[in-house]
Amino acid sequence: MKPVKDVLQEKGNDIWSIDPEASVFEAIDLMAQKEVGALLVIKNDNLIGIISERDYTRKVILKGRESKKTKIKSIMTSPVICTDADQDVRRCMAMMTSKSIRHLPVLADNRLVGVVSLGDLVKVIIAEQDSKIQGFESYFRYRSDLL
């Protein structure tokens, strides 16, 4: 299975982030503009948290808080679970599943290089399975032609 750095190479290394002092409304607006489900929370070039649509629904909407008055720092998830760029896709998926997270920041030499989503990893695994199936089909077609 390929390393997660290869997934980033294919999908891109865009990193969307926000300051912890910004409002939750600003975060949701930025997520909508960028069509992403989470933003990294960065202060002084350091990754200090992550805010997702799930955080918004559970920690703002369901609690009756106001998104324009609530600061990101009060609802963000911290510390952030990250992975190394050389980690294999299956292990990343297993970690995300066991930790119930949908977005995983990727580090190379302790430097943030991108973010993968659970959907990104599912696409890779499906493509790998499709490739294996096609290989088996070709093999069995070839074998049946020999008989």
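Of note, THR57 does not satisfy the criterion of being closer than 25 Å to ALA32 by Cα, touching a Ser or Thr at 6+ places or on another chain (Cβ under 7 Å) and among the β-branched types (Val, Ile, Thr). Considering only residues that are hydroxyl-bearing (Ser, Thr, Tyr) and more than 11 Å from THR77 (Cβ to Cβ), which ones fall in the range 30-53? Selection gives nothing. State whether the residues of the range 64-77 include one that is within 22 Å of GLY119 (Cβ to Cβ) and assigned to a strand (DSSP E or B). Yes; the residues of the range 64-77 include at least one that is within 22 Å of GLY119 (Cβ to Cβ) and assigned to a strand (DSSP E or B). Of all the criteria given as (1) of a type in the set (A, V, I, L, M, F, W, C); (2) in a strand (DSSP E or B); (3) out of contact with any Pro (no Cβ under 7 Å at 6 or more places or on another chain), the one not satisfied by LEU112 is (3).
Laboratory data are not the source of any read-out in this text; all were calculated from the coordinates shown. The structure displayed is predicted, hence computed values, not measured ones. Note that each Cβ is placed from the backbone with ideal geometry, even for glycine, and that neighbours are counted across all protein chains shown.
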